[in-house]
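Engineer: Got a structure here, written out as structure tokens. Questions coming.
The values are calculated or read from the model by the stated rules, or taken from the named source; none is laboratory data. Quick caveat: nothing in here was measured; it's all calculated off a predicted structure. Quick reminder, even Gly has a Cβ in these numbers, built from the backbone with ideal geometry, and neighbours come from all protein chains shown.
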Amino acid sequence: MTAIQKGVIVYLLIFPYCLWGQKVSGTSDPVLISVGKDRVAGKPGLTYLEVSLKDENSDKTLEAWEKAVIHFKIKNLGKGPSQNLYISAYTANDGEIKGIMYPDPVKVDSLLPGQTREVSMPVEGSLQLTAGIATVAIDIREEFEFDADQIEVNLLTAAFIPPKLAITNYIIETDPPGSNTRVLATLKLVVENKGEGTAADTRLDFFLPPTAKQMDPPVFVLNTLKPGETRSVNFRFYLDATRLQEEVPIRAVVIERHQKYGQDVKLKLRPNTRSARN
């Protein structure tokens with residue numbers, strides 16, 4: 001492609017109106033196109049359709065440690081085949097927005113006249129992501145050509161806000177001892193996100209003393225906890241029936257994706273005695 005053939009597609013995620021250009025059908029948001037290409041007989045004429053973005057929580061905002069994918073289609077409207085296409089992405093306004101990670105360039109095989117190819121370009125926010133509006137530029141370059149077509153995606157970004165996980169309201173309840181030497185006990189507690197950020201990949205691990213024997217697996221996967229959200233957990237294990245008046249030291253560790261905003265506590269409880277931890 002020559003410099004005159006360079007085209008720009010602007011996909012607006014944040015402005016609901018059109019300033020100029022042509023709207024592409026098949027998308028949930030306005031797509032504006034400005035194409036200044038001289039179509040040459042026998043040469044490929046590439047066009048780009050159905051540009052869309054999908055992020056993990058579907059709020060059209062890229063957050064720290066969130067993954068998103070920009071989808072679009074390439075169609076050859078010309079009379080000749082395209083060369084191999086090399087597609088790469090970068091932040092055009094990286095002086096303003098930092099912390100977006102991109103994959104290595106993607107290769108798309110040649111397109112015959114009339115052929116369409118779907119392309120997915122993943123992007124990811126790092127812990128250093130800054131808040132604002134990122135201009136994500138996707139270059140589509142034909143093999144042996146110097147100039148590239150370009151798709152621009154204006155993407156809202158949000159800086160990292162830390163969560164704060166806490167273990168609260170715990171109690172050990174036991175069944176009646178009966179004639180057995182072991183008694184079934186249940187540690188009941190609540191995990192709460194007291195921070196202002198979302199805790200992703202949350203997990204709770206229990207470590208029992210030698211005098212206790214686990215019944216349930218000691219790992220509970222809690223997944224995502226939004227600010228103010230709680231999870232109730234019941235962990236069952238066995239106690240020696242002759243030691244029900246003694247304290248039971250149980251270590252409980254709650255962690256999240258960054259392993260920095262959780263809590264590691266040692267619970268010392270007598271059975272059937274409630275404790276609250278703020």
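Engineer: Which of (1) small (Gly, Ala, Ser); (2) assigned to a loop (DSSP other than H, G, I, E, B); (3) in contact (Cβ under 8 Å) with a residue 12 or more places away in the chain does residue 95 not meet, given it meets every other one?
Structural biologist: So the condition that residue 95 fails would be (3).
Engineer: Looking for whichever is of a type in the set (Asp, Glu) and in contact with an Asp or Glu (Cβ under 7 Å, 6 or more places away or on another chain) here; the options are 205, 201, 264, 216. Which one fits? Lay out the reasoning, then the answer.
Structural biologist: On the way: 205 fails: in contact with an Asp or Glu (Cβ under 7 Å, 6 or more places away or on another chain); 264 fails: in contact with an Asp or Glu (Cβ under 7 Å, 6 or more places away or on another chain); 216 fails: in contact with an Asp or Glu (Cβ under 7 Å, 6 or more places away or on another chain).
Just one listed residue meets the conditions, 201.
Engineer: Next question. So how many residues does region 212-261 have that are among the charged types (D, E, K, R) and either more than 22 Å from residue 197 (Cα to Cα) or without any contact (Cβ under 8 Å) to a residue 12 or more places away in the chain (or both)?
Structural biologist: Step one: filter region 212-261 for residues among the charged types (D, E, K, R), giving 213, 216, 226, 229, 231, 236, 240, 243, 246-247, 251, 256-257, 260.
Still in the running and either more than 22 Å from residue 197 (Cα to Cα) or without any contact (Cβ under 8 Å) to a residue 12 or more places away in the chain (or both): 213, 216, 236, 240, 243, 246-247, 251.
The total comes to 8.
Engineer: On the given criteria, is residue 223 closer than 16 Å to residue 168 by Cβ and either touching a Gly at 6+ places or on another chain (Cβ under 7 Å) or assigned by TED's automatic domain parsing to the domain that holds residue 255 (or both)? Steps first, answer last, please.
Structural biologist: On the way: closer than 16 Å to residue 168 by Cβ: no; either touching a Gly at 6+ places or on another chain (Cβ under 7 Å) or assigned by TED's automatic domain parsing to the domain that holds residue 255 (or both): yes.
The answer is no for residue 223.
Engineer: If you go through region 77-122 one residue at a time, how many are farther than 18 Å from residue 148 by Cβ and β-branched (Val, Ile, Thr)?
Structural biologist: Matching residues across region 77-122 total 3.
Engineer: Could you tell me which residue of region 255-267 is farthest from residue 187 (Cα to Cα), considering only residues that are surrounded by 15 or more Cβ atoms within 10 Å (Cβ to Cβ) and over 20 Å from the mean Cα position of the chain (by Cα)? Give the derivation first.
Structural biologist: Pass one, region 255-267, residues surrounded by 15 or more Cβ atoms within 10 Å (Cβ to Cβ): 255-258, 261-263, 265, 267.
If we keep only those that are over 20 Å from the mean Cα position of the chain (by Cα) as well, we get 263, 265, 267.
Numbers: 263: 17, 265: 14, 267: 10 Å.
So the residue we want is 263.
Engineer: Just name the residue that is surrounded by the most Cβ atoms within 10 Å (Cβ to Cβ) out of those in region 210-238 that are assigned to a strand (DSSP E or B) and among the hydroxyl-bearing types (Ser, Thr, Tyr). Spell out the reasoning first.
Structural biologist: Initially, region 210-238 is screened for residues assigned to a strand (DSSP E or B), giving 212-214, 219-225, 230-238.
Restricting the remaining residues to those that are among the hydroxyl-bearing types (Ser, Thr, Tyr) gives 224, 230, 232, 238.
Details: 224: 16, 230: 14, 232: 9, 238: 18.
Ranking the qualifying residues of region 210-238, first place goes to 238.
Engineer: Looking at residue 129, is it among the hydrophobic types (A, V, I, L, M, F, W, C), at pLDDT below 90 and assigned to a loop (DSSP other than H, G, I, E, B)? It would help to see each step written out before you state the result.
Structural biologist: Numbers: among the hydrophobic types (A, V, I, L, M, F, W, C): yes; at pLDDT below 90: no; assigned to a loop (DSSP other than H, G, I, E, B): yes.
Here the answer is no, as residue 129 does not meet what is asked.
Engineer: If you don't mind, there's one more thing I want to ask. Would you tally the residues in region 111-126 being in a strand (DSSP E or B) and over 30 Å from residue 225 (Cα atoms)? Full working, then the answer.
Structural biologist: In the first step, residues of region 111-126 are kept if they are in a strand (DSSP E or B); the result is 116-125.
Within this subset, residues satisfying the condition of being over 30 Å from residue 225 (Cα atoms) are 116-119.
Here the count works out to 4.
Engineer: Which of the strands (runs of 3 or more DSSP E) contained wholly in region 145-203 include at least 2 residues that are hydroxyl-bearing (Ser, Thr, Tyr) and either within 13 Å of residue 232 (Cα to Cα) or at pLDDT 90 or above (or both)? Walk me through it before giving the result.
Structural biologist: Details: elements: 149-158, 165-174, 182-193.
Correct list: 165-174.
Engineer: Please work out which one of (1) surrounded by fewer than 16 Cβ atoms within 10 Å (Cβ to Cβ); (2) free of Cβ contacts under 8 Å to residues at least 40 places away in the same chain; (3) touching a Ser or Thr at 6+ places or on another chain (Cβ under 8 Å) is the condition residue 192 fails and give its number.
Structural biologist: Unmet for residue 192, out of (1) surrounded by fewer than 16 Cβ atoms within 10 Å (Cβ to Cβ); (2) free of Cβ contacts under 8 Å to residues at least 40 places away in the same chain; (3) touching a Ser or Thr at 6+ places or on another chain (Cβ under 8 Å): (1).
Engineer: Related question: Are any of the residues in region 105-117 of a type in the set (Lys, Arg), surrounded by 13 or more Cβ atoms within 10 Å (Cβ to Cβ) and in contact (Cβ under 8 Å) with a residue 40 or more places away in the chain? First the steps, then the outcome.
Structural biologist: Step one: list which residues in region 105-117 are of a type in the set (Lys, Arg), which gives 107, 117.
Still in the running and surrounded by 13 or more Cβ atoms within 10 Å (Cβ to Cβ): 117.
Then keep just the ones that are in contact (Cβ under 8 Å) with a residue 40 or more places away in the chain; that gives 117.
Yes, because at least one residue in region 105-117 is of a type in the set (Lys, Arg), surrounded by 13 or more Cβ atoms within 10 Å (Cβ to Cβ) and in contact (Cβ under 8 Å) with a residue 40 or more places away in the chain.
Engineer: Within region 61-73, does at least one residue satisfy the condition of being more than 30 Å from the chain's Cα centre (by Cα), in a loop (DSSP other than H, G, I, E, B), surrounded by 13 or more Cβ atoms within 10 Å (Cβ to Cβ) and at pLDDT below 90?
Structural biologist: Of all residues in region 61-73, those more than 30 Å from the chain's Cα centre (by Cα) come to none.
Looking through region 61-73, none of the residues is more than 30 Å from the chain's Cα centre (by Cα), in a loop (DSSP other than H, G, I, E, B), surrounded by 13 or more Cβ atoms within 10 Å (Cβ to Cβ) and at pLDDT below 90.
Engineer: I want to confirm something. Restricting to region 195-209 and keeping residues that are under 15 Å from residue 254 (Cα atoms) and within 18 Å of the chain's Cα centre (by Cα), which single residue is surrounded by the fewest Cβ atoms within 10 Å (Cβ to Cβ)?
Structural biologist: Filtering first and then ranking leaves 201.
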